[in-house]
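The next block holds one structure in the form of C-alpha coordinates; read it before the comments.
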Amino acid sequence: MRNQGLLALKDLSPLPHRAPVATHHPEPVLDVVVPVFNEERDLEPSVRRLHAHLCETFPYPFRITIADNASTDSTPRIAARLADELPEAQWLRLAEKGRGRALRTAWSLSSAPVLAYMDVDLSTELTALLPLVAPLLSGHSDIAIGTRLAPGSRVVRGPKREITSRCYNALLRSVLAVGFSDAQCGFKAVRRDVAERLLPLIQDSEWFFDTELLVIAERAGLRIHEVPVDWVDDPDTRVDILATALADLRGIVRIGGALARGALPPGGSLRDGGADAPGRLATQLVCFAAVGAVSTLAYLLLYAALRPVAGSQAANALALLVCAVANTAVNRRLTFGLRGRGGVLRHQGRGLVVLLIGLAFTGGSLAALHHAVPSAGQATELAVLLAANLGATLLRFLFFRAWVFRA
(Lines give C-alpha, C1' and ligand atoms only; values in the text may rest on other atoms or scores of the structure.)
Protein backbone atom coordinates (compact mmCIF):
# COMPACT_ATOMS: atom_id res chain seq x y z
CA MET A 1 0.00 0.00 0.00
CA ARG A 2 2.81 2.44 0.84
CA ASN A 3 4.26 2.30 -2.68
CA GLN A 4 0.99 2.47 -4.60
CA GLY A 5 1.05 6.27 -4.75
CA LEU A 6 4.53 6.41 -6.23
CA LEU A 7 3.86 3.60 -8.69
CA ALA A 8 0.58 5.20 -9.75
CA LEU A 9 2.52 8.09 -11.25
CA LYS A 10 3.50 5.83 -14.13
CA ASP A 11 -0.15 5.32 -15.08
CA LEU A 12 -1.17 8.98 -15.24
CA SER A 13 -1.99 10.47 -18.60
CA PRO A 14 -0.14 13.69 -19.43
CA LEU A 15 -1.49 17.01 -18.23
CA PRO A 16 -2.89 19.28 -20.93
CA HIS A 17 -0.77 22.11 -22.28
CA ARG A 18 -0.33 24.98 -19.83
CA ALA A 19 -2.73 27.82 -20.48
CA PRO A 20 -3.38 31.13 -18.70
CA VAL A 21 -5.94 30.91 -15.93
CA ALA A 22 -9.25 32.54 -16.82
CA THR A 23 -9.51 35.36 -14.31
CA HIS A 24 -12.79 37.00 -15.32
CA HIS A 25 -15.27 35.11 -13.19
CA PRO A 26 -16.82 35.66 -9.74
CA GLU A 27 -15.24 32.64 -8.06
CA PRO A 28 -11.86 33.00 -6.31
CA VAL A 29 -8.87 32.66 -8.62
CA LEU A 30 -6.45 32.19 -5.71
CA ASP A 31 -6.97 30.22 -2.48
CA VAL A 32 -4.33 30.92 0.17
CA VAL A 33 -4.31 28.25 2.88
CA VAL A 34 -2.94 29.13 6.31
CA PRO A 35 -2.39 25.91 8.31
CA VAL A 36 -2.49 26.48 12.06
CA PHE A 37 -2.09 24.55 15.28
CA ASN A 38 -2.54 26.40 18.59
CA GLU A 39 -1.86 29.82 17.06
CA GLU A 40 -4.21 31.95 19.15
CA ARG A 41 -1.62 34.74 19.46
CA ASP A 42 -0.63 35.15 15.79
CA LEU A 43 -3.73 34.02 13.94
CA GLU A 44 -5.92 37.15 13.94
CA PRO A 45 -3.25 39.81 13.25
CA SER A 46 -1.63 37.67 10.55
CA VAL A 47 -4.87 36.85 8.73
CA ARG A 48 -6.05 40.46 8.85
CA ARG A 49 -2.68 41.63 7.52
CA LEU A 50 -2.80 39.04 4.72
CA HIS A 51 -6.39 39.98 3.89
CA ALA A 52 -5.55 43.68 3.70
CA HIS A 53 -2.55 43.00 1.48
CA LEU A 54 -4.57 40.90 -0.96
CA CYS A 55 -7.38 43.47 -1.08
CA GLU A 56 -4.84 46.17 -1.96
CA THR A 57 -2.55 44.32 -4.37
CA PHE A 58 -4.21 41.22 -5.85
CA PRO A 59 -6.31 42.12 -8.90
CA TYR A 60 -8.53 39.01 -8.92
CA PRO A 61 -11.01 37.38 -6.53
CA PHE A 62 -9.31 35.45 -3.74
CA ARG A 63 -10.02 33.34 -0.69
CA ILE A 64 -8.12 32.78 2.57
CA THR A 65 -8.66 29.33 4.10
CA ILE A 66 -7.67 28.85 7.74
CA ALA A 67 -6.90 25.15 8.08
CA ASP A 68 -6.98 24.36 11.79
CA ASN A 69 -5.51 20.92 12.43
CA ALA A 70 -6.67 19.87 15.89
CA SER A 71 -5.88 23.02 17.89
CA THR A 72 -6.66 22.79 21.59
CA ASP A 73 -6.50 26.49 22.52
CA SER A 74 -8.79 29.30 21.35
CA THR A 75 -7.57 29.07 17.73
CA PRO A 76 -10.88 27.50 16.48
CA ARG A 77 -12.96 30.28 18.04
CA ILE A 78 -10.77 33.01 16.52
CA ALA A 79 -10.79 31.30 13.13
CA ALA A 80 -14.59 31.04 13.16
CA ARG A 81 -14.91 34.72 14.02
CA LEU A 82 -12.54 35.75 11.22
CA ALA A 83 -14.54 33.65 8.75
CA ASP A 84 -17.70 35.49 9.83
CA GLU A 85 -16.17 38.97 9.67
CA LEU A 86 -14.08 38.71 6.47
CA PRO A 87 -16.08 37.86 3.31
CA GLU A 88 -13.02 36.32 1.64
CA ALA A 89 -12.08 34.08 4.61
CA GLN A 90 -13.25 30.61 5.53
CA TRP A 91 -12.40 28.16 8.30
CA LEU A 92 -11.66 24.46 7.99
CA ARG A 93 -11.38 22.24 11.08
CA LEU A 94 -9.45 18.93 11.06
CA ALA A 95 -9.50 16.36 13.84
CA GLU A 96 -5.85 15.31 13.38
CA LYS A 97 -2.55 17.18 13.44
CA GLY A 98 -0.16 17.49 10.52
CA ARG A 99 0.63 20.39 8.20
CA GLY A 100 0.65 18.10 5.17
CA ARG A 101 -2.73 16.71 6.16
CA ALA A 102 -4.14 20.24 6.48
CA LEU A 103 -2.81 21.28 3.07
CA ARG A 104 -3.98 18.11 1.36
CA THR A 105 -7.51 18.54 2.74
CA ALA A 106 -7.81 22.26 2.03
CA TRP A 107 -6.38 22.01 -1.49
CA SER A 108 -8.54 18.99 -2.33
CA LEU A 109 -11.70 20.85 -1.34
CA SER A 110 -10.86 24.10 -3.14
CA SER A 111 -12.16 25.01 -6.59
CA ALA A 112 -9.72 27.90 -7.14
CA PRO A 113 -7.42 27.40 -10.16
CA VAL A 114 -4.36 28.45 -8.14
CA LEU A 115 -3.71 27.11 -4.63
CA ALA A 116 -1.13 28.52 -2.24
CA TYR A 117 -0.10 28.31 1.38
CA MET A 118 1.98 30.30 3.83
CA ASP A 119 2.96 29.95 7.45
CA VAL A 120 0.78 31.83 9.92
CA ASP A 121 3.71 33.82 11.32
CA LEU A 122 4.08 35.50 7.90
CA SER A 123 7.87 35.17 8.10
CA THR A 124 7.94 35.68 4.32
CA GLU A 125 7.39 39.26 3.20
CA LEU A 126 3.99 39.48 1.51
CA THR A 127 5.32 41.51 -1.43
CA ALA A 128 6.55 38.17 -2.84
CA LEU A 129 3.01 36.73 -3.04
CA LEU A 130 2.05 38.20 -6.43
CA PRO A 131 5.41 37.19 -8.04
CA LEU A 132 4.80 33.72 -6.58
CA VAL A 133 1.42 33.14 -8.19
CA ALA A 134 1.86 35.16 -11.40
CA PRO A 135 3.73 32.36 -13.29
CA LEU A 136 0.90 29.96 -12.43
CA LEU A 137 -1.81 32.37 -13.53
CA SER A 138 -0.02 32.99 -16.83
CA GLY A 139 0.58 29.29 -17.52
CA HIS A 140 4.36 29.64 -17.39
CA SER A 141 4.85 27.17 -14.50
CA ASP A 142 3.12 24.37 -12.63
CA ILE A 143 4.44 25.03 -9.12
CA ALA A 144 6.04 28.09 -7.52
CA ILE A 145 8.10 28.16 -4.34
CA GLY A 146 9.72 30.82 -2.23
CA THR A 147 13.44 30.33 -1.66
CA ARG A 148 15.64 31.72 1.08
CA LEU A 149 18.79 30.29 -0.49
CA ALA A 150 18.87 32.06 -3.86
CA PRO A 151 20.77 35.24 -4.75
CA GLY A 152 18.56 38.19 -3.95
CA SER A 153 16.96 36.62 -0.88
CA ARG A 154 17.27 38.47 2.40
CA VAL A 155 17.06 36.23 5.45
CA VAL A 156 17.23 36.99 9.17
CA ARG A 157 17.44 33.89 11.37
CA GLY A 158 19.62 32.24 13.98
CA PRO A 159 22.67 30.15 13.12
CA LYS A 160 21.07 26.87 14.24
CA ARG A 161 18.17 27.12 11.81
CA GLU A 162 20.40 28.53 9.06
CA ILE A 163 22.81 25.59 9.29
CA THR A 164 19.98 23.05 9.59
CA SER A 165 18.22 24.41 6.50
CA ARG A 166 21.34 24.55 4.35
CA CYS A 167 22.43 21.06 5.38
CA TYR A 168 18.98 19.64 4.65
CA ASN A 169 18.80 21.15 1.18
CA ALA A 170 22.39 20.10 0.43
CA LEU A 171 21.44 16.57 1.46
CA LEU A 172 18.47 16.63 -0.92
CA ARG A 173 20.66 17.75 -3.80
CA SER A 174 23.34 15.13 -3.13
CA VAL A 175 21.07 12.15 -2.34
CA LEU A 176 17.99 12.80 -4.50
CA ALA A 177 19.70 15.04 -7.10
CA VAL A 178 16.92 17.65 -6.94
CA GLY A 179 17.16 20.93 -8.82
CA PHE A 180 15.14 23.23 -6.53
CA SER A 181 17.03 25.17 -3.88
CA ASP A 182 14.73 25.40 -0.83
CA ALA A 183 12.26 22.62 -0.03
CA GLN A 184 11.08 23.85 3.37
CA CYS A 185 10.19 27.50 2.92
CA GLY A 186 6.56 27.86 4.01
CA PHE A 187 5.56 29.82 0.93
CA LYS A 188 4.38 27.80 -2.07
CA ALA A 189 1.71 27.71 -4.77
CA VAL A 190 0.47 25.13 -7.27
CA ARG A 191 -2.04 25.03 -10.10
CA ARG A 192 -5.14 23.08 -9.08
CA ASP A 193 -5.02 20.77 -12.11
CA VAL A 194 -1.49 19.82 -11.09
CA ALA A 195 -2.41 19.41 -7.41
CA GLU A 196 -5.25 17.04 -8.32
CA ARG A 197 -2.71 14.69 -9.93
CA LEU A 198 0.06 15.01 -7.32
CA LEU A 199 -1.81 14.95 -4.00
CA PRO A 200 -2.86 11.24 -4.23
CA LEU A 201 0.81 10.32 -4.74
CA ILE A 202 2.12 11.97 -1.56
CA GLN A 203 2.36 9.71 1.47
CA ASP A 204 3.59 12.12 4.14
CA SER A 205 1.05 14.16 6.11
CA GLU A 206 3.42 16.28 8.18
CA TRP A 207 6.54 18.39 7.50
CA PHE A 208 8.03 16.23 4.71
CA PHE A 209 4.89 16.86 2.62
CA ASP A 210 6.52 19.85 0.86
CA THR A 211 9.66 17.96 -0.07
CA GLU A 212 7.77 14.93 -1.35
CA LEU A 213 5.49 17.14 -3.44
CA LEU A 214 8.47 18.87 -5.08
CA VAL A 215 10.49 15.68 -5.68
CA ILE A 216 7.57 13.93 -7.38
CA ALA A 217 6.70 17.04 -9.39
CA GLU A 218 10.27 17.48 -10.60
CA ARG A 219 10.57 13.80 -11.51
CA ALA A 220 7.31 14.07 -13.45
CA GLY A 221 8.71 16.86 -15.63
CA LEU A 222 6.69 19.70 -14.12
CA ARG A 223 8.10 23.22 -14.14
CA ILE A 224 8.97 24.66 -10.71
CA HIS A 225 9.41 28.43 -10.50
CA GLU A 226 11.50 29.88 -7.66
CA VAL A 227 11.01 33.33 -6.13
CA PRO A 228 13.71 34.83 -3.87
CA VAL A 229 12.04 36.07 -0.68
CA ASP A 230 12.71 38.31 2.27
CA TRP A 231 12.31 36.12 5.33
CA VAL A 232 12.53 36.89 9.06
CA ASP A 233 12.66 33.99 11.50
CA ASP A 234 9.89 33.73 14.10
CA PRO A 235 11.62 33.32 17.48
CA ASP A 236 8.42 31.85 18.95
CA THR A 237 8.25 28.93 16.51
CA ARG A 238 6.76 25.70 17.90
CA VAL A 239 8.55 23.46 15.44
CA ASP A 240 10.56 20.68 17.10
CA ILE A 241 13.70 20.89 14.98
CA LEU A 242 15.12 17.51 16.06
CA ALA A 243 11.89 15.57 15.56
CA THR A 244 11.27 17.30 12.23
CA ALA A 245 14.82 16.58 11.05
CA LEU A 246 14.49 12.88 11.91
CA ALA A 247 11.14 12.67 10.10
CA ASP A 248 12.67 14.39 7.07
CA LEU A 249 15.58 11.94 7.04
CA ARG A 250 13.13 9.02 7.08
CA GLY A 251 11.30 10.64 4.18
CA ILE A 252 14.53 11.04 2.20
CA VAL A 253 15.37 7.36 2.76
CA ARG A 254 11.88 6.34 1.60
CA ILE A 255 11.99 8.51 -1.53
CA GLY A 256 15.59 7.46 -2.23
CA GLY A 257 14.55 3.82 -2.05
CA ALA A 258 11.72 4.48 -4.49
CA LEU A 259 14.16 6.12 -6.89
CA ALA A 260 16.60 3.21 -6.63
CA ARG A 261 13.78 0.71 -7.35
CA GLY A 262 12.56 2.75 -10.31
CA ALA A 263 9.21 3.46 -8.60
CA LEU A 264 9.61 7.12 -9.53
CA PRO A 265 9.73 7.60 -13.31
CA PRO A 266 12.20 9.74 -15.25
CA GLY A 267 11.29 13.33 -16.05
CA GLY A 268 8.51 14.19 -18.46
CA SER A 269 6.01 11.44 -17.67
CA LEU A 270 3.25 13.71 -16.38
CA ARG A 271 3.61 16.98 -18.25
CA ASP A 272 5.17 15.92 -21.55
CA GLY A 273 4.00 12.34 -21.83
CA GLY A 274 7.57 11.08 -22.14
CA ALA A 275 6.75 8.14 -19.99
CA ASP A 276 8.66 5.50 -18.22
CA ALA A 277 6.93 2.86 -20.33
CA PRO A 278 7.81 -0.81 -19.84
CA GLY A 279 9.06 -0.98 -23.44
CA ARG A 280 11.44 1.88 -22.80
CA LEU A 281 12.81 0.22 -19.67
CA ALA A 282 13.28 -3.07 -21.52
CA THR A 283 15.15 -1.29 -24.32
CA GLN A 284 17.38 0.46 -21.79
CA LEU A 285 18.14 -2.83 -20.07
CA VAL A 286 19.10 -4.52 -23.35
CA CYS A 287 21.34 -1.63 -24.42
CA PHE A 288 22.91 -1.36 -20.98
CA ALA A 289 23.56 -5.11 -20.87
CA ALA A 290 25.22 -5.04 -24.28
CA VAL A 291 27.40 -2.07 -23.37
CA GLY A 292 28.17 -3.70 -20.02
CA ALA A 293 29.26 -6.96 -21.64
CA VAL A 294 31.70 -5.18 -23.94
CA SER A 295 32.87 -2.95 -21.09
CA THR A 296 33.43 -5.93 -18.78
CA LEU A 297 35.46 -7.75 -21.45
CA ALA A 298 37.56 -4.65 -22.06
CA TYR A 299 38.04 -4.23 -18.30
CA LEU A 300 39.27 -7.82 -17.84
CA LEU A 301 41.63 -7.59 -20.82
CA LEU A 302 43.02 -4.27 -19.63
CA TYR A 303 43.43 -5.58 -16.08
CA ALA A 304 45.28 -8.65 -17.38
CA ALA A 305 47.62 -6.42 -19.42
CA LEU A 306 48.35 -4.02 -16.56
CA ARG A 307 48.56 -6.60 -13.75
CA PRO A 308 52.18 -7.70 -14.33
CA VAL A 309 53.39 -4.10 -14.47
CA ALA A 310 51.31 -2.22 -11.89
CA GLY A 311 50.14 -4.87 -9.41
CA SER A 312 46.59 -6.03 -8.75
CA GLN A 313 45.08 -3.01 -6.98
CA ALA A 314 46.61 -0.37 -9.29
CA ALA A 315 45.72 -2.38 -12.37
CA ASN A 316 42.15 -2.74 -11.11
CA ALA A 317 41.79 1.00 -10.47
CA LEU A 318 43.26 2.03 -13.83
CA ALA A 319 41.21 -0.49 -15.79
CA LEU A 320 38.02 0.61 -14.01
CA LEU A 321 38.74 4.31 -14.63
CA VAL A 322 39.33 3.89 -18.37
CA CYS A 323 36.34 1.60 -18.87
CA ALA A 324 34.05 3.73 -16.67
CA VAL A 325 34.65 6.89 -18.75
CA ALA A 326 34.00 4.96 -21.97
CA ASN A 327 31.01 3.15 -20.45
CA THR A 328 29.39 6.42 -19.32
CA ALA A 329 29.89 8.02 -22.75
CA VAL A 330 28.43 5.07 -24.65
CA ASN A 331 25.47 4.59 -22.27
CA ARG A 332 24.76 8.31 -22.43
CA ARG A 333 24.25 8.08 -26.18
CA LEU A 334 22.90 4.59 -26.79
CA THR A 335 21.02 3.59 -23.63
CA PHE A 336 19.58 6.94 -22.52
CA GLY A 337 19.45 8.70 -25.89
CA LEU A 338 21.25 11.90 -24.89
CA ARG A 339 22.90 13.85 -27.71
CA GLY A 340 25.11 16.91 -27.88
CA ARG A 341 27.62 18.33 -25.44
CA GLY A 342 25.16 19.72 -22.93
CA GLY A 343 25.71 18.11 -19.53
CA VAL A 344 28.61 15.93 -20.68
CA LEU A 345 30.94 17.04 -17.88
CA ARG A 346 28.18 16.65 -15.27
CA HIS A 347 27.34 13.18 -16.53
CA GLN A 348 30.99 12.11 -16.55
CA GLY A 349 31.51 13.56 -13.07
CA ARG A 350 28.55 11.62 -11.72
CA GLY A 351 29.73 8.56 -13.61
CA LEU A 352 33.07 8.78 -11.81
CA VAL A 353 31.24 8.94 -8.48
CA VAL A 354 29.44 5.74 -9.45
CA LEU A 355 32.85 4.34 -10.37
CA LEU A 356 33.78 4.45 -6.69
CA ILE A 357 31.06 1.88 -6.05
CA GLY A 358 32.61 -0.46 -8.60
CA LEU A 359 36.05 0.19 -7.14
CA ALA A 360 34.79 -0.65 -3.65
CA PHE A 361 33.20 -3.89 -4.89
CA THR A 362 36.11 -5.07 -6.95
CA GLY A 363 38.93 -3.78 -4.76
CA GLY A 364 37.27 -5.17 -1.66
CA SER A 365 36.79 -8.52 -3.38
CA LEU A 366 40.48 -8.65 -4.32
CA ALA A 367 41.53 -7.75 -0.81
CA ALA A 368 39.26 -10.42 0.66
CA LEU A 369 40.59 -13.00 -1.82
CA HIS A 370 44.24 -12.22 -1.02
CA HIS A 371 43.50 -12.33 2.70
CA ALA A 372 41.77 -15.69 2.45
CA VAL A 373 44.01 -17.24 -0.25
CA PRO A 374 47.36 -15.42 -0.39
CA SER A 375 48.59 -17.68 -3.17
CA ALA A 376 45.60 -17.14 -5.48
CA GLY A 377 46.58 -17.01 -9.14
CA GLN A 378 45.52 -14.62 -11.88
CA ALA A 379 42.73 -16.90 -13.12
CA THR A 380 41.15 -16.90 -9.64
CA GLU A 381 41.50 -13.12 -9.44
CA LEU A 382 39.73 -12.71 -12.78
CA ALA A 383 36.86 -14.97 -11.67
CA VAL A 384 36.39 -13.01 -8.44
CA LEU A 385 36.59 -9.69 -10.30
CA LEU A 386 34.00 -10.87 -12.82
CA ALA A 387 31.50 -11.71 -10.05
CA ALA A 388 32.14 -8.42 -8.23
CA ASN A 389 31.87 -6.44 -11.44
CA LEU A 390 28.47 -7.98 -12.21
CA GLY A 391 27.14 -6.78 -8.85
CA ALA A 392 28.61 -3.33 -9.41
CA THR A 393 27.04 -3.24 -12.88
CA LEU A 394 23.54 -3.73 -11.49
CA LEU A 395 24.01 -0.85 -9.06
CA ARG A 396 25.51 1.27 -11.83
CA PHE A 397 22.37 0.85 -13.95
CA LEU A 398 20.16 1.93 -11.04
CA PHE A 399 22.31 4.98 -10.39
CA PHE A 400 22.43 5.83 -14.11
CA ARG A 401 18.63 5.88 -14.32
CA ALA A 402 17.96 7.59 -11.01
CA TRP A 403 20.80 10.10 -10.91
CA VAL A 404 23.53 10.25 -13.57
CA PHE A 405 21.24 10.68 -16.60
CA ARG A 406 18.14 11.86 -14.79
CA ALA A 407 16.19 14.31 -16.96
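The values are calculated or read from the model by the stated rules, or taken from the named source; none is laboratory data. Only a predicted model underlies this, so the values are computations on that prediction, with no experimental measurement involved. Quick reminder, even Gly has a Cβ in these numbers, built from the backbone with ideal geometry, and neighbours come from all protein chains shown. Accessible surface is based on the protein model in full, side chains and every heavy atom, while ligands, DNA and RNA are left aside. Shrake-Rupley method; radii C 1.70, N 1.55, O 1.52, S 1.80 Å.
Karplus couplings for the range 118-132 from phi (6.51 cos²θ - 1.76 cosθ + 1.60, θ = phi - 60°), rounded to Hz, Gly and Pro as x?
In residue order, the calculated couplings are 8, 5, 5, 6, 6, 4, 7, 4, 5, 5, 7, 5, 5, x, 5 Hz.
Charges only on Cβ, +1 for Lys and Arg, -1 for Asp and Glu: so what's the dipole of the chain about the Cα centre, in debye to the nearest 20? All intermediate terms of the calculation are to be shown ahead of the outcome.
Working: 43 positive and 37 negative charges, 387 e Å.
So the magnitude is around 1860 debye.
Just to verify a number: what accessible area does residue 53 come out at with the full protein assembly present, 1.4 Å probe, Å² rounded to tens?
40
If you restrict to DSSP beta bridges whose two residues both lie in the range 50-193, what percentage is antiparallel, to the nearest 5?
Numbers: 8 of 14 bridges.
Expressed as a percentage, antiparallel bridges in the range 50-193 total about 55.
For a protection proxy built on the mean count of beta-carbon atoms within 10 angstrom, sort 148-160, 295-307 highest first, please.
Order by mean packing, descending: 295-307, 148-160.
For a quick check of understanding: with a 1.4 angstrom probe and all protein chains in place, what accessible area in square angstrom does residue 78 have, to the nearest ten?
10
Find the centroid of the Cα atoms in the range 360-393 and in the range 67-100, then give the distance between the two in whole Å.
64
Rounded to whole Å and sorted largest first, list the principal axis extents of the Cα atoms in the range 313-407.
Sorted from largest, the Cα extents of the range 313-407 read 48, 20, 18 Å.
By what distance, in whole Å, do the Cα atoms of the range 81-147 stretch along each of the three principal axes, largest value first?
So the three principal-axis extents are 36, 23, 23 Å.
What is the set of long-range amide H partners of residue 227 at a cut-off below 5 Å, with H atoms built 1.01 Å from backbone N?
145, 146, 147
What is the gain in length, in nm to one decimal, between residue 48 and residue 19 on full extension, counting 0.36 nm per residue of separation less the C-alpha to C-alpha distance?
7.2 nm is the gain from fully extending residue 48 to residue 19.
Which of 98, 382, 361 sits closest to the plus end of the dipole of the chain, meaning its Cα is farthest towards the positive end, when Lys and Arg get +1 and Asp and Glu get -1 on the C-beta?
382
For the chain, with all protein chains present and a 1.4 Å probe, just round the carbon and sulfur fraction of the accessible area to a whole percent.
63
Quote the FRET efficiency, to the nearest 0.05, computed for residue 294 versus residue 379 with a Förster distance R0 of 22 Å and r equal to the Cβ-Cβ distance.
The computed FRET efficiency comes out at 0.55.
How large are Rg and Dmax for the range 291-349 when calculated on the C-alpha trace, in angstrom?
13.3, 39
May I ask you to give the solvent-accessible area per residue for the range 285-386, in square angstrom, as obtained with a 1.4 angstrom probe?
Value returned for the range 285-386: 53 Å² of accessible area per residue.
Could you sort 118-129, 376-387, 183-194 so that the peptide with the highest average Cβ count within 10 Å comes first and the rest follow in order?
On the way: 118-129: 19.7, 376-387: 14.2, 183-194: 22.5.
In descending order of packing, they fall as 183-194, 118-129, 376-387.
So with the 1.4 Å probe, I'd like the accessible area per residue for the range 116-230, rounded to whole Å².
On the way: 3900 Å² over 115 residues.
I get 34 Å² per residue for this part.
Any idea how far apart residue 387 and residue 160 come out in nm if each label point goes 7 Å out from Cα toward Cβ?
Here the answer is 5.1 nm between the modelled labels.
What percent antiparallel are the DSSP beta bridges of the chain, to the nearest 5? All intermediate terms of the calculation are to be shown ahead of the outcome.
Numbers: 9 of 34 bridges.
If we restrict to bridges inside the chain, about 25 percent are antiparallel.
Provide the gained length on full extension for the span residue 85 to residue 322, in nm with one decimal, where the gain is 0.36 nm per separating residue minus the Cα-Cα distance.
Extra length from residue 85 to residue 322 when fully extended: 78.2 nm.
Pop out the ³J(HN,Hα) list for the range 42-58 in order, Karplus 6.51 cos²θ - 1.76 cosθ + 1.60 with θ = phi - 60°, rounded to Hz; leave Gly and Pro as x.
Each residue's phi maps through the Karplus curve to give 8, 4, 5, x, 5, 5, 5, 5, 5, 4, 5, 5, 5, 4, 7, 10, 8 Hz.
For q values of 0.12, 0.19 Å⁻¹, compute log₁₀ I(q)/I(0) with the Debye formula on a Cα-only model of the range 41-190, without solvent.
Result of the Debye calculation: -0.57, -1.35.
Suppose accessible area is computed on protein heavy atoms with a 1.4 Å probe; arrange 140, 51 from highest to lowest. Provide the component values of the computation, followed by the final result.
Working: 140 90, 51 25 Å².
Ranking 140, 51 by accessible area, largest first, yields 140, 51.
Taking a ≥ b ≥ c as the square roots of the eigenvalues of the Cα gyration tensor of the range 146-191, is the shape rounded (a/c under 1.5), prolate (a/b larger than b/c) or oblate?
Numbers: a/c = 1.83, a/b = 1.08, b/c = 1.70.
Verdict is oblate for the range 146-191.
Mean separation of Cα pairs under 8 Å and 6+ residues apart, divided by the residue count of the chain: what relative contact order is that in percent?
It comes to 17 percent, rounded to a whole number.
Residue 231 accessible area, nearest 10 Å², 1.4 Å probe?
Number for this one is 10 Å².
Under 5 Å between amide H atoms, partner at least 5 residues away or on a different chain: which partners does residue 178 have, H built in plane at 1.01 Å?
173
Among 320, 369, 82, which one moves the most in a GNM of the chain with springs linking Cα atoms closer than 10 Å?
369
In whole Hz, with x marking every Gly and Pro, tabulate ³J(HN,Hα) for the range 156-172 from phi via Karplus 6.51 cos²θ - 1.76 cosθ + 1.60, θ = phi - 60°.
10, 7, x, x, 4, 6, 5, 5, 4, 5, 5, 5, 5, 5, 5, 5, 4
Could you list the trypsin sites (Lys or Arg not before Pro) in the range 322-407 that lie in coil according to DSSP, counting only those with at most 13 other Cβ atoms within 10 Å of their Cβ?
339, 341
Considering the options 171, 38, 227, tell which one lies farthest towards the positive end of the dipole of the chain, charges being +1 on Lys and Arg and -1 on Asp and Glu at the Cβ, about the Cα centre.
Positive-end residue among those listed: 171.
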